[in-house]
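Just below is one structure, and these are the notes that go with it.
The values are calculated or read from the model by the stated rules, or taken from the named source; none is laboratory data. Since this is a predicted model, take the numbers as computed values, not measurements. Quick reminder, even Gly has a Cβ in these numbers, built from the backbone with ideal geometry, and neighbours come from all protein chains shown. Each accessible area value is taken on the protein alone, full model and side chains, heavy atoms only, with ligands, DNA and RNA left out. Shrake-Rupley method; radii C 1.70, N 1.55, O 1.52, S 1.80 Å.
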Amino acid sequence: MEKRQYDFKAIEPKWQQYWLKNKLFECDLESDKPKFYSLVMFPYPSGDLHVGHGRNYILGDAVVRYKTMQGVNVLSPMGWDAFGLPAENAAVKNGIHPGEWTMKNIERMRQQIMSWGAAYDWTREVATCHPKYYKWTQWLFLQLFNAGLAYRKRAPVNWCPVCTTLANEEVADGRCVRCESEVTLRHLDQWFLKITKYADRLVDDLDTLENWPERILLMQENWIGRSEGAEIHFPVEPTGESLTCFTTRPDTIYGVTFLALAPEHPAVEKLCAKGAQREKIREFVEKVCEKTAEERTGAGAEKVGVFTGKMALNPLNEERVPIWVTNYVLKEYGTGAVMGVPAHDQRDFEFARKNGIPVRAVIQPPGEALDGATMSAAYEGDGVQVNSGEFSGLPNRFAMAKIIEAMEERGVGSRKTTYKLHDWLISRQRYWGAPIPIVHCPDCGPVAVPDKKLPVLLPEITELKPSGKSPLAMIDSFVKTTCPKCKKPATRDTDTLAQWLCSCWYFLRYLSPRDDKRPFNVEVLDRWMPVDQYIGGAEHAVLHLLYTRFVIKALFDLGLVNFEEPFAALFNQGTITKISSMTGKLEKMSKSRGNVVPPDPLVEQYGADTVRLYTLFIGPPEKDAEWIDDGIIGPHRFLFRLWEAVAQNVERLEGVPLPGKSAADTSPTVKDLRRKTHATIKNVTDDIDGDFHFNTSISSVMELVNEVYGLGPFDKLDKKSLPALREALEAAVLLMAPMVPHISEELWTMLGHEPSVLKVRWPKHNPELLKVEAVELVVQVNGKLRGRVNAPAGASEDDVKKLAMACETVKKFLGDARIIDTIVVPGRLVNIVTESKDQGKTETSEPK
């Protein structure tokens, strides 16, 4: 029989069609097998994919195939996060309808994903821009609205001249995270969701997410920013009106020597002195407000401010303290007013020293007496209260509660918990989104569109132009309607829902994607939720994941679902980077950086399995990794090497059975091969189970294949070794099947089996075959190699020493020298230390 060649261009389409035709990835939700819901974050259809995107889909596909071979009922659906700004911007730029642009991109990206061999249950495919999907997104909004969790108010919003309204999370350093345009504030009527109502649960329940990366949990906790402390009211002279400050350190109240206001604080205008000082403060405020929060508060930023000319009273000791407007206090934190305690806060210390404000220590560290006049830096640790009235002498942590109690008794303060988290701005002045299903009636106010009238369809539009307001507001036929309650003339809401809401529940829709009567089937959710494994980029650590957790908790409270956390386990793959042709630096792949690597030419030249193999082999999956163009050659060569190992032995192994469970009465070569085979099975399984380390799994299989070639010329092999050879080759093929599925399918059939490898159970190692009967030990004399001995596994140290002494070559070098010591390194070597005849000294060479 002529040896077959590795023709990946024929093999890969063949098996992709086989998987589709035989519906191997279509999940039967009613199966009695253990379930495994595997989910990769669905993509935004923005255009061509690059190899950096591939890491997400290839990794997820490898996990699905691995779990399938373990006999689990795997659900792995795919869909499209299809509403959003990029489509709208493309429509404006290219004169194309955003829907047309989106659907073309979906077709293109679906083809690319399939070309990688990434297999999904395509019968469950959804697109958030489809009316049958966003009908239920609108329904979800109305559930929140009817529950009082959605409200509309006039509020300052982040305004991008290109992307219109932005959520706080879409702004970084004063610029839009999408287009990097400068963001300003505008006052508009906006819709918000009361995510702040869930702040405590969102923080507390992080403790239940044991299979989430620690850094993601920390990012969510920091974003919510729960701070426990006290609100303290400082009366302002002479009006008696109060400035309320929030502090996490009420124990430092007696050390307050000034108050600091954010420039945006509403009290600033009232407190301004008249005349030149008033103008000075206004100029300062305008100047500071032009800067980003990072510029104002970042490391090394200068602390500056202006005195308002007003004084306040410390409510506990009635001491007069000046009120300043400063650049380092932000309106987003607490109340936007901060009590300045320079002895115990470094920022306050720097500001006070610069402006001649007194520094008073009120907490002394153990064994030290601080003097505010001579302190060179703030002391921010714990200690004993001093200069603190009735609380002096108390440990500061104990004093905190006592001071809060005293403030509450006097009515000047109270215990308070604050959050950095703000309510979620959900409305957008854009076209390409789900219309907000609310009607505004002059008599009834905001009225929900009845469920039977959903979806509120997005009207067709012939041209999109930036106008500074919602495009829907310019379509009279859409705007004009009647009130669902009183039937009088009314107007529709002309904003659209942020795409984040569309992606907060898509994993529920996958379980009943064609159900026209309800958004999801609760009975099916009860069996399949939460998602067992969620895979995606860490860039979604706050926005998508936090919003989704909130929505699911709200649905739980409304009795619509029976679980509170959507994702049992989360894995964030690292970013693929490449040297940018623009900057010469290693950066994330982006067209703007000139470092994108398209997958299509690589699949054409090397095959999908090679691209998959290099993507998985490039490094630990949770770490960033650099894409090196020539790096793909090694994995390509390995696939040819694996192919040859099987192809050269197809006829030789025909009719040869697998070996038995025991390796007794076989040659040392066969025992070694079987030991290597089962060690590889164990290592690969452990590596995949341990954070999907496919990179080290691949290395283990490469070593096994090397061991196979190490048997010598295949045509010279003893027939008794053929069962072990079959076992090794079949194990290599099965272990590689999740990573390189096309070639694995082909090699499996070449080895005489029916397709598919997906129907074959994942191999299990035999612990008995891992046991080593004998270990070869190096024997050194005075640190130099003088022989080798074979010792039984588990031999005692005394027995090992006797074997070493009995070695003929060792005896030759020892002669009649006096042995000073014998050092045994278990499983590795024996070093015999002798006294030198020439010098009468002990040789002291260390074992090598």
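Only one of these conditions is not met by Pro659: (1) over 22 Å from Asp609 (Cα atoms); (2) assigned to a loop (DSSP other than H, G, I, E, B); (3) open to solvent by 40 Å² or more (accessible area, probe 1.4 Å); (4) touching a residue at least 24 places away in the same chain (Cβ under 8 Å). Which number is it?
Just one mismatch for Pro659, condition (3).
Only one of (1) over 26 Å from Ser46 (Cβ atoms); (2) open to solvent by less than 10 Å² (accessible area, probe 1.4 Å); (3) in contact with a strand residue (DSSP E or B) (Cβ under 7 Å, 6 or more places away or on another chain) is not met by Cys160, so which one is it?
That leaves (1) as the condition not met.
Taking the stated definitions as given, is Ala373 more than 38 Å from the chain's Cα centre (by Cα), more than 30 Å from Ala172 (Cβ to Cβ), surrounded by fewer than 22 Cβ atoms within 10 Å (Cβ to Cβ) and aliphatic (A, V, I, L, M)? Write out each step before concluding.
On the way: more than 38 Å from the chain's Cα centre (by Cα): yes; more than 30 Å from Ala172 (Cβ to Cβ): yes; surrounded by fewer than 22 Cβ atoms within 10 Å (Cβ to Cβ): yes; aliphatic (A, V, I, L, M): yes.
It is true that Ala373 is more than 38 Å from the chain's Cα centre (by Cα), more than 30 Å from Ala172 (Cβ to Cβ), surrounded by fewer than 22 Cβ atoms within 10 Å (Cβ to Cβ) and aliphatic (A, V, I, L, M).
State whether the residues of segment 194-202 include one that is among the basic types (Lys, Arg), outside any strand (DSSP E or B) and open to solvent by 90 Å² or more (accessible area, probe 1.4 Å). Spell out the reasoning first.
To start, the set of residues in segment 194-202 that are among the basic types (Lys, Arg) comprises 194, 197, 201.
Within this subset, residues satisfying the condition of being outside any strand (DSSP E or B) are 194, 197, 201.
Next, only the ones that are open to solvent by 90 Å² or more (accessible area, probe 1.4 Å) stay: 197.
Scanning segment 194-202, I find at least one residue that is among the basic types (Lys, Arg), outside any strand (DSSP E or B) and open to solvent by 90 Å² or more (accessible area, probe 1.4 Å), so the answer is yes.
When you go through Leu616, Leu555, Leu545 one by one, which is the residue that is open to solvent by less than 30 Å² (accessible area, probe 1.4 Å), closer than 17 Å to Phe42 by Cβ and in contact (Cβ under 8 Å) with a residue 60 or more places away in the chain? Steps first, answer last, please.
On the way: Leu616 fails: closer than 17 Å to Phe42 by Cβ; Leu555 fails: closer than 17 Å to Phe42 by Cβ.
When all the criteria are applied, what remains is Leu545.
Which ones in segment 203-219 are open to solvent by less than 50 Å² (accessible area, probe 1.4 Å) and either on the phi > 0 side of the Ramachandran plot or not acidic (Asp, Glu) (or both)? Step through it out loud before you land on a result.
At the first step, the residues of segment 203-219 found to be open to solvent by less than 50 Å² (accessible area, probe 1.4 Å) are 203, 205-206, 209, 212-213, 216-217.
Matches in segment 203-219: Val203, Leu206, Leu209, Trp212, Pro213, Ile216, Leu217.
Filter segment 386-406 down to the residues that are open to solvent by 40 Å² or more (accessible area, probe 1.4 Å) and in contact with a Ser or Thr (Cβ under 9 Å, 6 or more places away or on another chain) and list them by number.
Answer for segment 386-406, where residues must be open to solvent by 40 Å² or more (accessible area, probe 1.4 Å) and in contact with a Ser or Thr (Cβ under 9 Å, 6 or more places away or on another chain): just Leu394.
Would you mind finding the one in Leu497, Leu501 that is open to solvent by less than 10 Å² (accessible area, probe 1.4 Å) and within 20 Å of Pro566 (Cα to Cα)?
Leu501
Which is surrounded by fewer than 23 Cβ atoms within 10 Å (Cβ to Cβ) and under 30 Å from Lys764 (Cβ atoms), of Met103, Met69?
Numbers: Met103 fails: under 30 Å from Lys764 (Cβ atoms).
Exactly one of Met103, Met69 is surrounded by fewer than 23 Cβ atoms within 10 Å (Cβ to Cβ) and under 30 Å from Lys764 (Cβ atoms), namely Met69.
Of Met114, Met109, which residue is open to solvent by less than 10 Å² (accessible area, probe 1.4 Å) and touching a residue at least 12 places away in the same chain (Cβ under 8 Å)? Walk me through how you get there before you give the answer.
Values: Met114 fails: open to solvent by less than 10 Å² (accessible area, probe 1.4 Å).
Just one listed residue meets the conditions, Met109.
Can you find even one residue in segment 298-308 that is farther than 17 Å from Ala352 by Cα, assigned to a loop (DSSP other than H, G, I, E, B) and modelled with pLDDT under 90? Before the answer, list the steps.
Let us first name the residues in segment 298-308 that are farther than 17 Å from Ala352 by Cα, namely 298-299.
Going one step further and asking which of them are assigned to a loop (DSSP other than H, G, I, E, B), we end up with 298-299.
Still in the list and also modelled with pLDDT under 90: 298-299.
Scanning segment 298-308, I find at least one residue that is farther than 17 Å from Ala352 by Cα, assigned to a loop (DSSP other than H, G, I, E, B) and modelled with pLDDT under 90, so the answer is yes.
How many residues are among the basic types (Lys, Arg) and over 18 Å from Thr137 (Cα atoms) if we restrict to segment 460-514?
Looking only at that region, the number is 6.
Can you name the condition, by its number, that Lys764 falls short on among (1) more than 30 Å from Gln16 (Cβ to Cβ); (2) of a type outside the set (Asp, Glu); (3) touching a helix residue (DSSP H, G or I) at 6+ places or on another chain (Cβ under 9 Å)?
Failed condition: (1).
Name the residues in segment 8-56 that are small (Gly, Ala, Ser), surrounded by 14 or more Cβ atoms within 10 Å (Cβ to Cβ) and assigned to a loop (DSSP other than H, G, I, E, B), would you? Walk me through how you get there before you give the answer.
Applying the first criterion (small (Gly, Ala, Ser)) to segment 8-56 yields 10, 31, 38, 46-47, 52, 54.
Applying the additional criterion that residues be surrounded by 14 or more Cβ atoms within 10 Å (Cβ to Cβ) yields 38, 46-47, 52, 54.
Of everything in segment 8-56, those that are small (Gly, Ala, Ser), surrounded by 14 or more Cβ atoms within 10 Å (Cβ to Cβ) and assigned to a loop (DSSP other than H, G, I, E, B) turn out to be Ser46, Gly47.
Failed condition for Ser477, given (1) among the small types (Gly, Ala, Ser); (2) farther than 30 Å from Asp61 by Cβ; (3) touching a helix residue (DSSP H, G or I) at 6+ places or on another chain (Cβ under 6 Å), with all others met?
(3)
Considering only segment 512-542, how many residues are of a type in the set (A, V, I, L, M) and either closer than 30 Å to Lys588 by Cα or open to solvent by less than 10 Å² (accessible area, probe 1.4 Å) (or both)? Walk me through it before giving the result.
Quick first cut of segment 512-542, residues of a type in the set (A, V, I, L, M) only: 522, 524-525, 529, 531, 535, 538, 541-542.
Subsequent filtering for residues that are either closer than 30 Å to Lys588 by Cα or open to solvent by less than 10 Å² (accessible area, probe 1.4 Å) (or both) retains 525, 531, 535, 538, 541-542.
Final tally of qualifying residues: 6.
Would you pick out the residues in segment 72-89 that are open to solvent by 10 Å² or more (accessible area, probe 1.4 Å) and either on the phi > 0 side of the Ramachandran plot or assigned to a helix (DSSP H, G or I) (or both)?
Those that are open to solvent by 10 Å² or more (accessible area, probe 1.4 Å) and either on the phi > 0 side of the Ramachandran plot or assigned to a helix (DSSP H, G or I) (or both): Pro86, Glu88, Asn89.
Taking the conditions exactly as written (open to solvent by 10 Å² or more (accessible area, probe 1.4 Å), under 30 Å from Lys719 (Cβ atoms) and not aromatic (Phe, Trp, Tyr)), does Glu644 satisfy them or not? Step through it out loud before you land on a result.
On the way: open to solvent by 10 Å² or more (accessible area, probe 1.4 Å): yes; under 30 Å from Lys719 (Cβ atoms): yes; not aromatic (Phe, Trp, Tyr): yes.
So Glu644 passes the test.
Can you name every residue in segment 558-582 that is hydrophobic (A, V, I, L, M, F, W, C), within 20 Å of Ser76 (Cβ to Cβ) and either part of a strand (DSSP E or B) or open to solvent by less than 10 Å² (accessible area, probe 1.4 Å) (or both)?
Passing the criteria: Phe567, Ala569, Leu570, Phe571.
Which of the numbered conditions does Ala795 fail, given that it passes all the others? Conditions: (1) in a loop (DSSP other than H, G, I, E, B); (2) open to solvent by 50 Å² or more (accessible area, probe 1.4 Å); (3) without any contact (Cβ under 8 Å) to a residue 60 or more places away in the chain; (4) not basic (Lys, Arg).
(2)
State the number of residues belonging to segment 672-707 that are free of Cβ contacts under 8 Å to residues at least 12 places away in the same chain and outside any helix (DSSP H, G or I).
Qualifying residue count for the region: 1.
Is it the case that segment 773-784 has a residue that's touching a strand residue (DSSP E or B) at 6+ places or on another chain (Cβ under 9 Å), touching a residue at least 12 places away in the same chain (Cβ under 8 Å) and acidic (Asp, Glu)?
Within segment 773-784, one or more residues are touching a strand residue (DSSP E or B) at 6+ places or on another chain (Cβ under 9 Å), touching a residue at least 12 places away in the same chain (Cβ under 8 Å) and acidic (Asp, Glu).
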